[in-house]
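Every number in this text was worked out from the coordinates using simple rules, so none of it is lab data. Everything numeric here is computed off the predicted structure, so don't read it as measured data. Counting neighbours? That spans all protein chains shown, and the Cβs are built from the backbone with ideal geometry, glycine included.
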Amino acid sequence: MKSGRIFYTILFFFVFTSLLIVVGVVTSLTVTSYPIFSRDGLSFIFKSTWNPVKEDYSILPALLGTLITSAIAISISTPLAISLAVFSIEIVPSKFRAFINNISDLMASLPSVIYGLWGLYVLAPILHQYVMMPLHHYLGFIPLFSTKPIPTNLFTAGVLLAIMIIPFASSVIREAYNAVPYYLKEAAYSLGMTKWEAIKTMLGYIKSAIFAGIFLALGRAMGETMAVAMVVGNTFTFPKSLFDMGYTISSLIANQFPNAEAYNYMIPALYGGAFILFIVGLAINLAGLYWIKKVMIKS
Amino acid sequence: MLGVISSLAIISAIPIFAIIINIYSEGARHLTLNFLIDLPPPPVSGKSGGIGPALVGSLILTLLAVAIGGSIGFFTGLYLSEFSHTRLAHYTQIFLQIMVEFPTIIIGLFAYMVLVAPLKRFNALAGAFALSIVIIPYIALNVREAYRSIPYTLKEAAFSLGVSAPIAYLRILLSTARRGVLTALLIGMAKAAGETAPLLLTILGTTFTYFGGLDQPINAIPLLIYNFALSPYERWHQVAWGAAAVLLTITLMIFIISRLVVREVKV
C-alpha cells in the first residue's frame, strides 16, 4: 500500500508542476510588463513610436502587423484547408488517403525556421516578381498595394503563414467531416444530390468545426515567430499598405530582445507586447475550443 | 466544382514538396562528415567549416528537454486519462489545451525571467527548460490518448491481480500503451529539435565552443539557421542551407519512425 501512496504523490507532484508552469508563465508576463503599463497606461498600446534612446515605446504598428499578416494568412488558407480536407476524404481514391494525410501532418511538424529560410530565399523573390510587382503596377492606385514592394514585407509574411497553418485548420475540419453520421450522407445522395451538392450539405453540417479550425489556425498565425521574423522586413513603421515592411509583436520581441538589456524600459515593453499577444491569442483559442466542444457534443 | 477543390488541395500541398526539394538541392552538397563536426567557417573566406557546436548543442538540449518535459508530460497525461473525473484533471486539461497554442516565444520570455535574468548569463539550462515547457502539453495530451485507448476490461484485469497502482500503471498497462507513449515522446522530440523562438531568448547561440557546461551559452541548429540566414555573408547562407538539410533530415527521420510505430496519431 505504501508504494501506492508514493506513486500518487509523485503523480500529483507532476500534475501540479504542469499547472504551476502555466500559472508561472502568465505571472511572469504580468509582473515584468507592469512598469510599462503603470508608466504609459493605454498609450503604450495606441501610439506608434519605438525610440529606445528616449525610452519611448508603444506597440500599435506591431499589433497591426500581427493582425494584418494573420488576416492575409486566414483568407488564403481557409479555402485551401477546406479543399484539402474534402479532397482527402471525398475525392482521392482511398488507397492514397493515408498518403495525403501524412503529407498534411508532415507540413504541421516541419520546424518554422525551415519555413522561414525557404520563405526568405525562395518564396519571397517569387512573390515579389510574379505577384507583388504586377499588383503594384496595375492596381497601385488602391491604397492596399500603393507601396513599391521589396521582397520581404507584411504580404510575404502573410502568405508564408498561410502555407504554415493550412494543415492545422485542415486536420480539425477533416476529423469533423469524418465524424458526420453516415445516414446523413446516404440521405443526401438518396435525394438525388450530386457529389458537390452532398459535399456542400456536409460542410454546412460541420460549420462550427470549420470555425474552430480557422480560429485555432489564427491563433497559430498570430503567435508564430521565427518564420515571420525572417520575412516581414523588421521595420518599425505604421503600416499603410500590404507591401510595407513591418513587424509583428512576436517578431518584434525576437528582433529587439538581444539588445533590450541595455535599456531601462525595453524589457517591460517587450513583455507588455507579449502580454497583449497572449490576451488576444487566449480569446481566439478559447473561441476555437468552444466551437470544437460544440461539435463534439453534436456528434 | 470538384475540379476546383482538387486543384486547391494540390496547390496547398505544393509548398511542402518545394521546400524539401529546395532544401536538399541547396543543402545536400554540404552534407559531409566534416560539416557535422567542424566549427563554423569565418564569414568571408573560402575555408571549409561546419555546424559541430550547434549539432552538439541541439543533441544536449533535445535530450534534456525530452527527459524533463517527457517525465512531467507522461505523468500528467497518465493522471488526465485515469483520473479524468476529478476537477484537477478537468482544469489541467483545459490549461494544457491552451498551452499547446501558446506562442512559444512567450515561453522563452518566461524561461528568461526564471533562469537567465537571475544567473545574469544566457545558458543551456534555460534553453532546455524552455523546450521542456514547449513539449509538455504535446506529450501529456498524447499520453492521455494512449492510456485512454486501453480497453476498460484490461484495466480491470490488471487491478484484479491485486498489484499496487504503480505496477498496474507502469508495468502492465504501459506495455499495452507503449506505442502511443513512444509516439508521444517522438512528437515531443521532433518539436524540441526544431523549436527556435524560445532559444533566441535563452541560449543566445553565437558561441564557437562545443559545450562549456549547462550554465554557459550553447548553440542549436535552428538558431544557427536563423542567425546565419539573416547575416549579410554569402558563405554563412550556404552553411544555413546545409544546417537546414540536417534539421530536415532529423525531422523526417523522427516523423517516419513515429508513423512506423503507430498508424493513427494525433498531432
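Stretch residue B:249-residue B:85 to full length: gain in nm at 0.36 nm per residue minus the Cα-Cα span? If you can, show how the numbers build up before the last one.
Values: separation 164, 0.36 × 164 = 59.04 nm, distance 4.18 nm.
Fully extending the segment from residue B:249 to residue B:85 adds 54.9 nm.
Taking the Cα atoms of the protein assembly as shown, what is the range of coordinates along each of the three principal axes, in descending order and whole Å?
Per principal axis, max minus min of the Cα coordinates gives 69, 66, 55 Å.
At most 15 other Cβ atoms within 10 Å and a DSSP loop assignment: could you name the chymotrypsin sites (Phe, Trp or Tyr not before Pro) in the range B:208-267 that fit?
Hits after loop and neighbour filter: B:208, B:211, B:233.
Which whole-number percent of Cα pairs in chain A have a distance greater than 33 Å?
Of all Cα-Cα pairs in chain A, 38 percent lie more than 33 Å apart.
Would you please put B:214-224, A:255-265, B:125-135, B:45-55 in order of how densely packed they are, using the mean number of other Cβ atoms within 10 angstrom per residue and starting with the highest?
With the highest mean Cβ count within 10 Å placed first, the list reads B:125-135, B:214-224, B:45-55, A:255-265.
What percentage of all Cα-Cα pairs in the range A:63-160 are separated by more than 17 Å?
64 percent
Please state, to two decimals, what the Cα-based radius of gyration of the range B:17-57 comes to when divided by 2.2 N^0.38 Å (N = residues). Show your work: numbers first, answer last.
Working: Rg = 11.7 Å, N = 41, 2.2 N^0.38 = 9.0 Å.
Dividing the Cα Rg of the range B:17-57 by 2.2 N^0.38 Å gives 1.30.
Pop a pseudo-label 7 angstrom from the Cα along the beta-carbon direction at both residue A:190 and residue A:54 and give the gap in nm to one decimal.
7.3 nm
Peptides A:93-103, A:75-85: what's the order by average Cβ count within 10 Å, highest mean first?
Highest mean packing first, the order is A:75-85, A:93-103.
List, in the order given, every pair from A:294/B:191; A:95/A:207; A:185/A:207 whose Cα-Cα distance in the structure shown is over 19 Å.
A:294/B:191; A:95/A:207
Evaluate the Kirkwood expression for the hydrodynamic radius of the range A:198-274, namely the inverse of the mean inverse distance over all pairs of different C-alpha atoms, and round to one decimal in Å.
15.0 Å
For residue B:21 paired with residue A:98, estimate the spin-label separation in nm (one decimal), with each label point 7 Å from Cα along the Cα-to-Cβ line.
2.6 nm
Report the semi-axes of the equivalent ellipsoid for the range A:59-103 in whole Å, largest first, where each axis is √(5λ) for an eigenvalue λ of the Cα gyration tensor.
Ellipsoid semi-axes (Å, largest first): 34, 10, 4.
Given Cβ point charges of +1 (Lys, Arg) and -1 (Asp, Glu) and nothing else, what value in debye, to the nearest 20, does the dipole of the range A:165-260 about its Cα centre take?
That gives the range A:165-260 a dipole magnitude of about 160 debye.
Counting partner chain Cβ atoms within 10 Å of every residue's Cβ in B:39-52, what's the average?
0
What average count of beta carbons from other chains do you get within 10 Å of the Cβ of residues in A:17-30? All intermediate terms of the calculation are to be shown ahead of the outcome.
Details: counts 6, 16, 6, 0, 11, 12, 1, 4, 10, 3, 2, 8, 4, 0.
Per-residue shielding by partner chains comes out at 6.
Describe numerically, in nm with one decimal, the distance between label points set 7 Å from Cα along Cα→Cβ at residue B:31 and at residue B:259.
1.6 nm
Rank A:226, A:202, A:193 by mean-square fluctuation in a GNM of chain A with C-alpha springs under 10 angstrom and give only the top-ranked residue.
Judging by the Gaussian network model, the answer is A:193.
If you take the beta carbon distance between residue B:38 and residue A:108 as r and set R0 to 25 Å, what does 1/(1 + (r/R0)^6) give as a FRET efficiency, to the nearest 0.05?
It comes out at approximately 0.15.
Cut-off under 17 Å on the C-alpha distance; same-chain residues fewer than 8 positions from residue A:200 excluded. Which aspartates and glutamates are left, in chain and number order?
The qualifying aspartates and glutamates are A:90, A:175, A:186.
Have a look at chain B and give its Rg and Dmax from the Cα atoms, expressed in angstrom.
Final numbers for Rg and Dmax: 21.3, 71 Å.
Among A:207, A:54, A:148, which one shows the biggest mean-square fluctuation in a GNM of chain A, springs joining Cα atoms closer than 10 Å?
Of the options given, A:54 has the highest mean-square fluctuation.
Going highest first, how would you order B:184-197, A:120-133 by mean Cβ packing within 10 Å?
Going from most to least packed, we get B:184-197, A:120-133.
Give, rounded to the nearest 20 debye, the magnitude of the charge dipole that the protein assembly as shown has about its Cα centre when Lys and Arg contribute +1 at Cβ and Asp and Glu contribute -1 at Cβ.
For the protein assembly as shown, the charge dipole is close to 1040 debye.
What residue among A:24, A:223, A:158 shows peak mean-square fluctuation when chain A is described by a Gaussian network model with Cα springs under 10 Å?
Its mean-square fluctuation being the largest, the pick is A:24.
What average number of partner chain Cβ atoms lie no more than 10 Å from the Cβ of the residues making up A:274-282?
Per residue, the number of nearby Cβ atoms from other chains is 3 on average.
If I require 27 Å or longer along the helix axis, counting alpha carbons, and a Kyte-Doolittle average no lower than 0.5, what helices from chain B are left? Use full DSSP H segments.
Span-like helices in chain B: B:2-27, B:52-82, B:124-148, B:174-194, B:234-261.
After finding the eigenvalues of the alpha carbon gyration tensor for the range B:38-120, what semi-axes result from the square roots of 5 times each, listed largest first in whole Å?
With the √(5λ) rule applied to the range B:38-120, the semi-axes are 39, 16, 12 Å.
Given a Förster distance of 22 Å, report the FRET efficiency between residue B:59 and residue A:17 from their Cβ-Cβ distance, rounded to the nearest 0.05.
Efficiency at R0 = 22 Å is approximately 0.30.
Kyte-Doolittle cut-off 1.6, length cut-off 20 Å along the helix's own axis using Cα: show which whole DSSP H helices in chain A pass.
Span-like helices here: A:60-86.
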